[in-house]
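This report refers to the structure that appears directly beneath it.
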Amino acid sequence: MGHELPGKEGKPMELELKQACLDAYDTGGELVQTQEETAETIVPDYCPDIARIIETEGTVYLHSRELRDGRAETAGTVRVTVLYTPDGEGGVRTLEFAIPFTTESEGRGLQGCTCLMADVELELIESRMLNPRKIFTHCKLVTRLSGCQKTQLTFSADVEAGEELCLEKRREAQHAILLTHVAEKDFTFTEELNLSPGREGAAELLTSQVCGAVTETKVVGSKLIFKGMFTVSLLYRTAEGACCSTAGELPFSQIMEVEGASEGAAPSVHLQLTGTDLQIDGDDPEGRQIAVTLYLHATALLREERELTLLSDLYSTAYEVAYEAEPLNLTSYWESFTRRQTVREVLEIGVVAESILSLHVTCGAVSVSREGGAAVLRTGAVIRALYLDEGGVPLVAERSVDVKCQLELPEECQITARAVCTEEVSGSLGTRGIEVRFPVDFQVEAASRVKRVCISGAKLDRESPKDLTGTPSLVLRCLGKQESPWDLAKSCNTTIDAILAANQLEGEGELPRDTLLLIPRKRA
């Protein structure tokens with residue numbers, strides 16, 4: 001944009017705006033899809049007939065995620081583990097198989113996105129026996145998809161003009177939080193899990209649960225370091241045929257490349273399992289060491305705080321000015337945190353239990369509501385206990401409890417949250433049943449967006465000076481209830497500095513609203 005061209009008399013000159021441009025990402029809206037999968041599975045020849053299904057567990061592995069023409073495609077498997085009592089035999093047996101699934105988003109709501117974030121959760125899984133050699137399994141999956149799109153945040157920060165143009169400009173400071181980096185990494189974690197002292201060794205692994213949590217993040221140079229903990233829970237059979245359970249925590253640390261990121265950036269890291277391999281270490285004859293191999297996909301989002309200056313309004317006390325303005329949407333507030341709620345409940349089982357084999361908690365989707373000035377998060381936590389009755393028969397007790405978390409957050413912010421139980425569930429046998437205690441972690445992201453007006457183009461007509469003939473050089477008036485000092489100065493064709501000087505005031509904050517002010521009109 002340049003100044004007035006020679007020979008173009010009467011044509012308004014374009015004012016030269018100083019543009020700022022920042023690279024960032026926009027996040028697309030979340031898409032939530034639900035699907036159901038079924039499978040009929042034949043019991044392998046080397047396994048005995050099924051007398052009774054005890055319980056069914058499932059773990060989701062997400063193998064691929066792709067964006068094609070604004071559509072999201074994901075693929076993975078549900079690893080199913082069915083515990084059953086064999087026909088004509090004692091003890092517990094296990095049957096494992098995989099159910100593949102694919103998901104394709106409806107419509108093209110992710111058009112332009114370059115990065116896809118996907119989270120697939122198992123909402124329901126159940127199996128029933130069709131005959132002693134065949135079972136039917138039904139599961140319900142919930143897939144949450146969101147995308148990131150590279151964009152440039154362009155806005156006018158100032159305007160260049162000579163003093164002779166008598167230009168007044170309003171430049172406003174704005175706090176903004178920009179999503180500056182999106183990084184992804186596949187990694188493999190390998191470690192040994194040692195059984196607790198006093199526990200018998202494992203002859204066969206029956207079921208396993210793995211839950212991971214990121215507890216620390218830090219940007220150092222061009223690297224993102226994130227640390228956390230994997231909690232591994234196992235149900236296994238001993239050499240004597242008894243069922244035992246154990247759990248252990250395995251710390252992990254990983255490094256991701258984030259070229260150009262600021263060390264003051266705030267990272268949030270999400271982990272998705274893509275596979276697991278847990279085996280009894282063959283070099284340990286006592287079966288007290290479990291070789292754990294986990295395959296994971298990590299997605300990291302890095303946000304940085306910036307202080308921006310926006311050119312939001314301008315006028316001239318000598319010439320007519322015409323300008324164009326555009327809305328600018330900015331994230332003004334963002335926070336990521338975890339809130340823990342400790343739950344104590346009793347599972348009433350109606351029989352006398354001999355021992356608890358395993359305890360597991362699964363949290364459902366999180367709902368967000370407002371109660372008074374607080375945000376309230378709720379999830380349904382399903383507690384499942386596998387235990388032996390006094391006759392040694394394995395049974396399952398299940399109960400869903402409502403878990404609530406109250407947060408003090410700005411009313412206008414949008415909240416997304418998920419609930420997880422990342423630690424071992426503790427339980428004991430009591431007079432009323434099985435007493436359980438476990439933590440539920442609400443992993444929360446809260447963000448607020450504001451819309452600001454920013455000038456995108458402006459023209460000044462130097463051939464048509466303002467006609468101020470007949471207007472008084474001085475007026476008396478009060479500052480209106482909804483009027484800012486800028487509004488007052490602009491409407492009276494003067495400047496804020498002139499009003500302050502005429503009223504012997506130091507700053508805008510001293511301007512009273514209930515007192516007449518001297519308003520000097522400025523003339524070219």
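If you go through segment 90-97 one residue at a time, do you hit one that is of a type outside the set (Ser, Thr, Tyr), under 22 Å from the mean Cα position of the chain (by Cα) and farther than 23 Å from TYR387 by Cβ? No: zero hits. Output yes when any residue across segment 212-224 is closer than 29 Å to THR422 by Cα, at pLDDT below 95 and not in a strand (DSSP E or B), and no when none is. No, segment 212-224 contains no residue that is closer than 29 Å to THR422 by Cα, at pLDDT below 95 and not in a strand (DSSP E or B). Residues to consider are LEU328, LEU310; find the one that is modelled with pLDDT of 90 or more, more than 30 Å from ILE255 (Cα to Cα) and within 26 Å of the chain's Cα centre (by Cα). After ruling out the rest, the residue left standing is LEU328. The condition (being at pLDDT 80 or above, out of contact with any helix residue (DSSP H, G or I) (no Cβ under 8 Å at 6 or more places or on another chain), open to solvent by less than 80 Å² (accessible area, probe 1.4 Å) and not in a loop (DSSP other than H, G, I, E, B)) is satisfied by just one residue among GLN19, GLN35: GLN35. Counting the residues of segment 363-375 that are farther than 23 Å from THR59 by Cα and open to solvent by less than 50 Å² (accessible area, probe 1.4 Å) gives 3.
All of GLN149, GLN111, GLN174 fail the test of being polar (S, T, N, Q) and under 30 Å from LEU488 (Cβ atoms), apart from GLN174.
Restricting attention to segment 192-203, the residues that are surrounded by fewer than 16 Cβ atoms within 10 Å (Cβ to Cβ) and touching a residue at least 40 places away in the same chain (Cβ under 8 Å) add up to 5. Would you check if GLY241 is closer than 16 Å to PHE189 by Cα and small (Gly, Ala, Ser)? No, not satisfied. Scanning segment 70-90 for residues that are open to solvent by 10 Å² or more (accessible area, probe 1.4 Å) and modelled with pLDDT of 95 or more yields ALA75, THR77, ARG79. Annotation note: Cβ proximity below 8 Å between a residue of segment 268-280 that is closer than 16 Å to ALA75 by Cα and touching a residue at least 60 places away in the same chain (Cβ under 8 Å) and a residue that is of a type in the set (A, V, I, L, M) and open to solvent by 30 Å² or more (accessible area, probe 1.4 Å) (sequence gap 6+ or interchain) occurs for LEU273/VAL210. For segment 131-180, taking the residues that are touching a Lys or Arg at 6+ places or on another chain (Cβ under 8 Å) and among the acidic types (Asp, Glu), the one that is nearest to PRO100 (Cα to Cα) is identified as GLU172. The criterion of being surrounded by fewer than 19 Cβ atoms within 10 Å (Cβ to Cβ) and more than 25 Å from VAL60 (Cβ to Cβ) holds for ALA266. Is one or more of the residues making up segment 284-295 part of a loop (DSSP other than H, G, I, E, B), modelled with pLDDT of 90 or more and open to solvent by 30 Å² or more (accessible area, probe 1.4 Å)? Yes, there is a match, as at least one residue in segment 284-295 is part of a loop (DSSP other than H, G, I, E, B), modelled with pLDDT of 90 or more and open to solvent by 30 Å² or more (accessible area, probe 1.4 Å).
When GLN504 is tested against (1) among the polar types (S, T, N, Q); (2) at positive phi; (3) touching a helix residue (DSSP H, G or I) at 6+ places or on another chain (Cβ under 7 Å), only condition (3) is not met.
For every residue, the table says whether it meets (1) buried (at least 17 other Cβ atoms within 10 Å of the Cβ); (2) within 29 Å of the chain's Cα centre (by Cα).
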{"site": "LEU357", "(1), (2)": "yes, no"}
{"site": "VAL361", "(1), (2)": "yes, yes"}
{"site": "LEU377", "(1), (2)": "yes, yes"}
{"site": "ALA381", "(1), (2)": "yes, yes"}
{"site": "VAL396", "(1), (2)": "no, no"}
{"site": "GLN406", "(1), (2)": "no, yes"}
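Scanning segment 313-324 finds no residues that are open to solvent by less than 50 Å² (accessible area, probe 1.4 Å) and within 33 Å of the chain's Cα centre (by Cα). Taking each residue of segment 467-483 that is under 20 Å from ASP514 (Cβ atoms) and in a loop (DSSP other than H, G, I, E, B) and looking for partners that are of a type in the set (S, T, N, Q) and open to solvent by 50 Å² or more (accessible area, probe 1.4 Å) with beta-carbon atoms closer than 8 Å, six or more apart or interchain, yields CYS478/THR515. If the condition is being surrounded by 18 or more Cβ atoms within 10 Å (Cβ to Cβ) and in a loop (DSSP other than H, G, I, E, B), then segment 43-65 contributes only VAL43.
The values are calculated or read from the model by the stated rules, or taken from the named source; none is laboratory data. As the structure is a computational prediction, the values presented were derived from the model and not from experiment. All Cβ positions, even for glycine, are placed from backbone atoms using ideal geometry, and neighbour counts span all protein chains on display. Ligands, DNA and RNA are stripped out before the accessible areas are found, and what is left, the full protein with its side chains, is counted by its heavy atoms. Shrake-Rupley method; radii C 1.70, N 1.55, O 1.52, S 1.80 Å.
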